[in-house]
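Asker: My questions will all concern the structure given below.
The values are calculated or read from the model by the stated rules, or taken from the named source; none is laboratory data. As the structure is a computational prediction, the values presented were derived from the model and not from experiment. Cβ: placed from backbone, ideal geometry, glycine included. Neighbour counts: every protein chain shown. Only protein heavy atoms, including side chains, enter the accessible area calculation; ligands, DNA and RNA are left aside. Shrake-Rupley method; radii C 1.70, N 1.55, O 1.52, S 1.80 Å.
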Amino acid sequence: MKIAIASGKGGTGKTTVAVNLALSLKNAQLFDCDVEEPNCNLFLGYDLEKVEDVNVPTPVVDKNKCDLCGKCSEFCQFNALAVLPEDVMIFPTLCHGCGGCTIVCPNEAISEVDRKVGVIEGSVNEELVFYRGLLDIGEPMTSLVIKALQEHIDKNATAIIDAPPGTACPVIASVKNVDYCILVTESTPFGFHDLKLALDVMKILGIPFGVVINRCDIGDNRVEDHCIKEGIPILMKIPYDREIAKLYSQGIPFVNEMPEWKDKFLRLFRDVTLLSKMKDRPEQ
Amino acid sequence: MKQLTIISGKGGTGKTTIAAAFASLAENAVIADCDVDAADMHLILNPEIIETIDFYGLKEAYIDSSLCIQCGLCKENCRFDAITDDIKVDSFECEGCGVCAHICPEGAITLVERKAGEAYLSETRFGPMAHAKLSVGEEASGKLVAFVREKARDLADRYDKELIIIDGPPGTGCSVIASITGVDMVAVVTEPSVSGIHDLERVLSVAGHFNIPAVVCINRYDINEENTRFIEDYCRDNGIDVVGKIPFSRIPTEAMIQEKTVMEYSGNELSGEFSEKLNDIWESVMKSLN
């Protein structure tokens, strides 16, 4: 079973829920899909090994064969090539790696080389099977690294996926095809607003979901009221607790120090398992 | 005209709270909310939308099923797995590259424009504002950020404003890069947690990669004072100014509930002290920027 942990707003506690849930389970795999800012391992402290580079095939032009016809730059939707009167310029970070330029070139002057945009790393012999992606600094192609990371999910085990914030393509790449999504929010106006955006993502993708309300006592009740009104399961409420905040700041998963929470996460997992299997799910 | 972007790497460190406070302190600025896929600034500034502009992102392949002979060449040549087994376009995967349209022997595929969101030009109680809403699941967040920034520059020209305050997105990827390229300075809001520190280091590398000067503000510094000292040392070693430290407080949330900036929400002594701190930070930021 694949469970994603997502949220519209950043900093609501996705990583906290993902790591503490994974540690509460036996034999779970954890995937840090927030490849722009992967934080899970700050709490796990595992020795990670490189599994593979993530590459984008990027064009190179053989200047002996190129007659500067301009078909490649005309074709490229991403403006990654510019044909000048005497030269062809390539802008690698704009290239999506579609390969179109190699196809349209009438002189077979364009070939492709791999350009590294990120890396996949994994744990060896640790308590959890853990993989993460890491986008290289200055690179924009987040989703590509996420897709490469997801290739390592073992479909026969429980996979916990820590998704990036927002509602754009990196989120879709992370949560697409999961069995259930846990949306983590906080009880503030920003948290509520961004939760509603995240709910739209779930509805469009048709993913069953429930909500964890973090820092449930700091703001107002609109998140909870909305969930009750819409029949959205509230899977867990985590109060604002200076001790939890302190442990978080130190990189300590709070289930390790506050074992009573391990039971709560196990209960959450049991609920999620049941909810994801419900055939006649109420309209969400 | 100067441009200042508020970023953080990690989400939820207080970017929007601080950007909104800056908006209320700036005397002659345009505000741009560039966190286009989870924009929150409007919840505090209550902009009155003057103009709505449709935003077209990447194109998308469209297959005319009456012409398609199901040869599968499009699927074979698509590197994004955007053509399904029954030869349909998966909108979430299609990047609009056009390879399928080029390769189709029947001319059944065309690239079509797709509305991917809206940009807004608005008026707020602190001046003009440019903001946007990306449609759910869209690819082109960086492109929409660039679009909002272009609109903000238009507003600055039109109203003769000397500063654009840009509320940036979390992360380090496409939309962050689009939010900071060509600005005069970034102010990074961090918090003294291991995640905050890790993400601060990465996002400062991104700013450095594009040669953009940066200053740092430490929010909720008293949650972990040891980590706060670590951040201060790190910044000093790297020649980056720490423009201020803000204590943990419920004031930002209380102000947010009342749809006010923390500067406006100054009902009691405690919040008076809080807003004074932000005022000092604003002055330091302005000094660094100029």
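Asker: Which of these, B:VAL99, B:VAL36, B:VAL206, has the largest mean-square fluctuation under a Gaussian network model of chain B (Cα springs below 10 Å)?
Answerer: Looking only at B:VAL99, B:VAL36, B:VAL206, the biggest GNM fluctuation is shown by B:VAL99.
Asker: What shape does chain B take by its C-alpha gyration tensor, where a ≥ b ≥ c are the square roots of the eigenvalues and a/c under 1.5 counts as rounded, a/b above b/c as prolate, and the rest as oblate?
Answerer: prolate
Asker: Go ahead and run the numbers for FRET between B:ILE69 and A:ASP217, Cβ-Cβ distance against an R0 of 51 Å, rounding to 0.05. Working shown, then result.
Answerer: Details: r = 62 Å, r/R0 = 1.21.
With R0 = 51 Å, the Cβ-Cβ based efficiency is 0.25.
Asker: Cα axis of helix B:141-158 to longest principal axis of chain B: angle in degrees, 0 to 90, nearest 10?
Answerer: 60
Asker: Follow-up question, since we're still on this one. Percent relative contact order of chain A, based on C-alpha pairs within less than 8 angstrom and at least six residues apart?
Answerer: Working: 572 pairs, mean separation 74.7, N = 284.
Worked out over chain A, it gives 26 percent.
Asker: To continue, here is another question. Spin-label point model (7 Å from Cα, Cβ direction): what's the A:ASP47 to A:MET258 distance in nm?
Answerer: 3.3
Asker: Still on this model: How big a patch of accessible area, both sides summed and in Å² to the nearest 100, lies buried between A and B at a 1.4 Å probe?
Answerer: Working: alone 14350 and 14090 Å², together 23390 Å².
Interface area, both chains combined: 5000 Å², rounded to the nearest 100.
Asker: Next up: Answer with one residue from A:TYR180, A:CYS216, A:PHE190: the one whose Cα lies farthest towards the positive end of the charge dipole of the range A:180-223, charges on Cβ with Lys, Arg +1 and Asp, Glu -1.
Answerer: Checked the options; the winner is A:TYR180.
Asker: Tell me, what is the per residue accessible area of chain A in Å², probe radius 1.4 Å?
Answerer: 42
Asker: Calculate the dipole size of the range B:59-113 relative to its Cα centre from +1 charges on Lys and Arg beta carbons and -1 charges on Asp and Glu beta carbons; express the result in debye to the nearest 20.
Answerer: Dipole size: approximately 140 debye.
Asker: Compare B:GLU225, A:GLU108, B:GLU95 by solvent-accessible area with a 1.4 Å probe and give them largest first, with all protein chains kept in place.
Answerer: From most exposed to least exposed: A:GLU108, B:GLU225, B:GLU95.
Asker: Regarding the range B:39-115, what whole-number volume in Å³ per residue does the convex hull of its Cα atoms give?
Answerer: Enclosed volume per residue, from the Cα hull, is 117 Å³.
Asker: I would also like to ask the following. For the modelled label position 7 Å from the Cα of B:PHE230 along Cα-to-Cβ, which residues of the range A:209-253 have backbone nitrogen atoms closer than 13 Å?
Answerer: A:247-252
Asker: For chain A, which DSSP H helices look membrane-span-like by this rule: Cα extent along the axis of 24 Å or more and mean Kyte-Doolittle of at least -0.5? Intermediate results must be reported in sequence, preceding the final value.
Answerer: Numbers: long enough: A:189-205 (25 Å, 0.78); A:260-277 (27 Å, -0.48).
Answer set is A:189-205, A:260-277.
Asker: Which percent of the accessible heavy-atom area of the protein assembly as shown goes to carbon and sulfur, probe 1.4 angstrom?
Answerer: C and S fraction of accessible area: 46 percent.
Asker: What whole number of Å gives the distance from the Cα centroid of the range B:226-250 to the Cα centroid of the range A:252-280?
Answerer: When both Cα centres are located, 36 Å separates them.
Asker: With a 1.4 Å probe and every protein chain left in place, work out the accessible area per residue of the range B:59-113 in Å², rounded to a whole number.
Answerer: That works out to 53 Å² per residue.
Asker: State whether the protein assembly as shown is rounded, prolate or oblate according to the following rule on the C-alpha gyration tensor (a ≥ b ≥ c being the square roots of its eigenvalues): a/c under 1.5 gives rounded; otherwise a/b larger than b/c gives prolate, and the remaining case gives oblate. Working shown, then result.
Answerer: Working: a/c = 1.60, a/b = 1.22, b/c = 1.31.
Oblate, since a/c reaches 1.5 and b/c is not below a/b.
Asker: Specify whether the C-alpha gyration tensor of the range B:154-264 places it in the rounded, prolate or oblate class, a ≥ b ≥ c being the square roots of the eigenvalues: rounded for a/c under 1.5, otherwise prolate if a/b is larger than b/c and oblate if not.
Answerer: In terms of gyration-tensor shape, oblate.
Asker: Compute the whole-percent fraction of alpha carbon pairs in the range A:132-214 spaced more than 20 Å apart. Intermediate results must be reported in sequence, preceding the final value.
Answerer: On the way: 1278 of 3403 pairs.
Across the range A:132-214, Cα pairs with separations above 20 Å total 38 percent.
Asker: Which FRET efficiency, nearest 0.05, do A:GLU112 and A:GLU151 yield, Cβ-Cβ r, R0 25 Å? Don't jump to the answer; show the numbers that get you there.
Answerer: On the way: r = 20 Å, r/R0 = 0.82.
It comes to 0.75.
Asker: Using only the Cα atoms of chain A, what semi-axes does the equivalent ellipsoid have when each is the square root of 5 times a gyration tensor eigenvalue? Give whole Å, largest first.
Answerer: 42, 21, 17
Asker: So how strong a dipole does the range B:123-179 carry about its Cα centre when Lys and Arg Cβ are +1 and Asp and Glu Cβ are -1, to the nearest 20 debye?
Answerer: 60
Asker: With unit charges on the beta carbon (Lys/Arg positive, Asp/Glu negative), name the residue among B:CYS71, B:PHE274, B:GLY182 whose Cα is farthest towards the positive pole of the charge dipole of chain B.
Answerer: My answer, from the dipole projection, is B:GLY182.
Asker: Given the -39500 (n - 2.57) contribution per DSSP H run of 4+ residues, what per-residue ellipticity at 222 nm results for chain B, rounded to the nearest 500 deg cm²/dmol?
Answerer: About -11000 deg cm²/dmol.
Asker: For the range A:56-116, list log₁₀ I(q)/I(0) at each q in 0.19, 0.28 Å⁻¹, using the Debye formula over Cα point scatterers of equal strength and ignoring solvent, two decimals each.
Answerer: With one equal scatterer per Cα and no solvent, log10 I(q)/I(0) is -0.58, -1.32.
Asker: If you don't mind, there's one more thing I want to ask. Which of the cysteines found in chain A have nothing to pair with, since no other Cys Cβ lies under 4.7 Å from theirs?
Answerer: A:CYS33, A:CYS40, A:CYS66, A:CYS69, A:CYS76, A:CYS95, A:CYS105, A:CYS169, A:CYS181, A:CYS216, A:CYS227
Asker: In chain B, which cysteines lack any other cysteine Cβ under 4.7 Å from their own?
Answerer: If one checks each Cβ against the other cysteines of chain B, B:CYS34, B:CYS68, B:CYS71, B:CYS78, B:CYS94, B:CYS104, B:CYS174, B:CYS217, B:CYS235 turn up with nothing under 4.7 Å.
Asker: Now, a different point. Among B:HIS209, B:HIS198, B:HIS42, which one shows the biggest mean-square fluctuation in a GNM of chain B, springs joining Cα atoms closer than 10 Å?
Answerer: Highest fluctuation among the options: B:HIS209.
Asker: Rounding to the nearest 20 debye, state how big the charge dipole of the protein assembly as shown is about its Cα centre with +1 on each Lys and Arg Cβ and -1 on each Asp and Glu Cβ.
Answerer: Working: 55 positive and 89 negative charges, 166 e Å.
Rounded to the nearest 20 debye, it is 800 debye.
Asker: Further question: Which one, A:LEU21, A:LEU275, A:VAL56, is farthest towards the positive end of the dipole of the protein assembly as shown when Lys and Arg carry +1 and Asp and Glu -1 on their Cβ?
Answerer: Positive-end residue among those listed: A:LEU275.
Asker: Compute the distribution of all C-alpha to C-alpha distances in the range B:218-290, in bins of 10 Å from 0, and list the percent of pairs in each, rounded to whole numbers.
Answerer: The distribution over the range B:218-290 is 19, 42, 31, 8, 0, given as percents.
Asker: OK, next. Helix B:225-237 sits at what angle to the longest principal axis of chain B, using alpha carbons and giving 0 to 90 degrees rounded to 10?
Answerer: Once rounded, the angle reads 80 degrees.
Asker: Relative to the first principal axis of the alpha-carbon coordinates of chain B, what is the inclination of helix B:15-25, with its axis defined by its Cα atoms, in degrees from 0 to 90 and to the nearest 10?
Answerer: For helix B:15-25, the angle is close to 60 degrees.
Asker: Follow-up question, since we're still on this one. Which FRET efficiency value, to the nearest 0.05, is calculated for A:LYS237 and B:ARG79 with the Förster distance at 35 angstrom and r the Cβ-Cβ distance? Provide the component values of the computation, followed by the final result.
Answerer: Values: r = 44 Å, r/R0 = 1.25.
Efficiency computed from Cβ-Cβ geometry: 0.20.
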